[in-house]
Amino acid sequence: MAGQHYEVLVIGGGNAGISLAARLHRYGVKDVAVVEPKDHHLYQPLFSHIAGGRAKTSEAFRLQRSIMPKGVEWIRDGAVNIDPASNTVSLASGAHVGFDQLVVCPGLQLDWEKIPGLAQAVHSTSGASHYEFSLAPKAWALLSGLKAGTAVFTMPSGPIKCGGAAQKPMYLACDYWREQGVLQDIRVVMVQPSPTVFGVPGVDEELNRKIAEYGIELRCNSELISVDPAAQTALIRDNTTGATGELRYDVLNAVPPQSAPDWLKATELPARGDSGGFVEVDPQTLRHVRFPNIWSLGDAAATTNSKSGGALRKQASVLAQNLLAVRKGKTPTEKYNGYSVCPFTVSRSTVVFAEFDDKYRPMPTIPKVPTWKESRASWVVDRDIFPRVYWNLILKGRA
């Protein structure tokens, strides 16, 4: 790779990197390369369905080479540093790659170690996490095998991938337990760091209705602070009072804290004092505020929206248009409006479809249509249509 240079270099071969690279190539930028070390590509929205027994792992998996856009070069290596002064990216192999424009979208890392005992717990016989692809099938095995006892679902504080996804396997499991006639014998606890179940008007009311229907014990303003896998106990802190209490579980499905990759935190790209390591961009244009030829989108960008695939789709269009403008010597004018979306699978056949802006105000795609109402049609969109759109249109820069 020594001496290689590209007009546009993209770090990350996930949804953000592939969809953007494909879009740029379609728009006439022919010298594009993607840095991605993994040989496989995952569709993360299906992880919840796998953990809830409503999807197979094979549906969320593709070989990376099969989804790389034609005409875009794949650099099968990992980024370890970015030098904005010399416009170069250092790779794990020791090579260096130059760029005219750089797009940074490596996604997030799962910080298991930030909660003592959590890593051990999810790999024990009574714990799992659907935020890890390899553990999602285990989550369903544990949940579907539970006939009585306590099931605990937790979400951490701070930015994470699709915060609403933390709840989805819980509703799927509750509906399954109800079908099996054992729901009344299972104590279901949801530990939520926010003041309400989600934070979007209308959506909260629908989710609270389902929580009451299933008899779920919702603990808001609370979070998991440690786990004892051997004793099968979780230590929960009430962030309002500071009080802590132990909760014994038979099944634990936990979502770990998340942040930008450690190597990215060590670069000049995050804002000073940003412990999460997110790339400091203008949240509307997605251009770095200090380095005008560096951009970021998706989970690793310091934008104000809730991180989701729906948000990313909007960002990819804005970033591509703005990068093209800069390429022509113009000022970028396209603006990302903070849109995000979260489809809540509240039963094994219905979804509450939440669309909202970066202030958690409702932002429906179709005005005046209450998509946040529980619906079978929304299930079909989320479970059947979205995966097809993802593989066949989004990753090809066409949606």
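Summary table below
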| item | result |
| --- | --- |
| Yes/no for LYS328 being farther than 28 Å from LEU207 by Cα and exposed (fewer than 15 other Cβ atoms within 10 Å of the Cβ) | yes |
| Filter result for VAL182 (over 28 Å from ASP357 (Cα atoms), surrounded by 22 or more Cβ atoms within 10 Å (Cβ to Cβ) and more than 22 Å from the chain's Cα centre (by Cα)) | no |
| Evaluation of GLU334 against (1) without any contact (Cβ under 8 Å) to a residue 40 or more places away in the chain; (2) assigned by TED's automatic domain parsing to the domain that holds PHE61; (3) farther than 29 Å from CYS174 by Cα (one fails), failing number | (1) |
| Pair list, Cβ under 9 Å, 6 or more apart: the stretch 281-298 residue outside the structural domain of VAL326 (by TED's automatic domain parsing) and closer than 17 Å to THR333 by Cβ, other residue surrounded by fewer than 18 Cβ atoms within 10 Å (Cβ to Cβ) and not small (Gly, Ala, Ser) | none |
| Listing of strands (runs of 3 or more DSSP E) fully contained in the stretch 38-93 that carry 1 or more residues being of a type in the set (Gly, Ala, Ser) and touching a Gly at 6+ places or on another chain (Cβ under 9 Å) | 79-83 |
| Cβ-Cβ under 8 Å pairs, at least 6 apart or on other chains, the stretch 121-143 side touching a residue at least 60 places away in the same chain (Cβ under 8 Å), far side of a type in the set (Phe, Trp, Tyr) and surrounded by 17 or more Cβ atoms within 10 Å (Cβ to Cβ) | VAL122/TRP112; SER126/TYR249; HIS130/PHE47; TYR131/PHE47; PHE133/PHE47; ALA136/PHE47; LEU143/TYR176 |
| Tabulated pairs, the stretch 217-232, first within 22 Å of ASP185 (Cβ to Cβ), second of a type in the set (A, V, I, L, M, F, W, C), C-beta under 6 angstrom, 6+ apart or interchain | GLU217/VAL189; LEU218/MET190; LEU218/ILE211; ARG219/VAL191 |
| Test for LYS168: is it over 20 Å from the mean Cα position of the chain (by Cα), modelled with pLDDT of 95 or more and in the same structural domain as LEU183 (by TED's automatic domain parsing) | no |
| Any hit, the stretch 52-71, residues being crowded, with 23+ Cβ neighbours inside 10 Å, of a type in the set (A, V, I, L, M, F, W, C) and on the phi < 0 side of the Ramachandran plot | no |
| In the stretch 81-97, residue nearest to GLU7 (Cα to Cα) [restricted to those that are surrounded by fewer than 17 Cβ atoms within 10 Å (Cβ to Cβ) and in contact (Cβ under 8 Å) with a residue 24 or more places away in the chain] | PRO84 |
| Residue within the stretch 141-164 that is within 24 Å of PHE356 (Cβ to Cβ), under 21 Å from the mean Cα position of the chain (by Cα) and in a helix (DSSP H, G or I) present | yes |
| Cross-chain or 6+ apart pairs with Cβ under 8 Å, the stretch 100-116 first and free of Cβ contacts under 8 Å to residues at least 12 places away in the same chain, then among the aliphatic types (A, V, I, L, M) | GLU113/ALA119 |
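Quick grid of which residues meet (1) outside any loop (DSSP other than H, G, I, E, B); (2) over 19 Å from PRO169 (Cβ atoms); (3) within 21 Å of the chain's Cα centre (by Cα):
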site	(1), (2), (3)
VAL188	yes, no, no
THR196	no, yes, yes
GLY199	no, yes, yes
ILE225	yes, yes, no
ARG237	yes, yes, no
GLY242	no, yes, no
LEU247	yes, no, no
LEU264	yes, yes, yes
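The values are calculated or read from the model by the stated rules, or taken from the named source; none is laboratory data. On a predicted model such as this, the values are computed, not experimentally measured, just so you know. Note: ideal-geometry Cβ built from the backbone for every residue, glycine included; neighbour counts use all protein chains shown.
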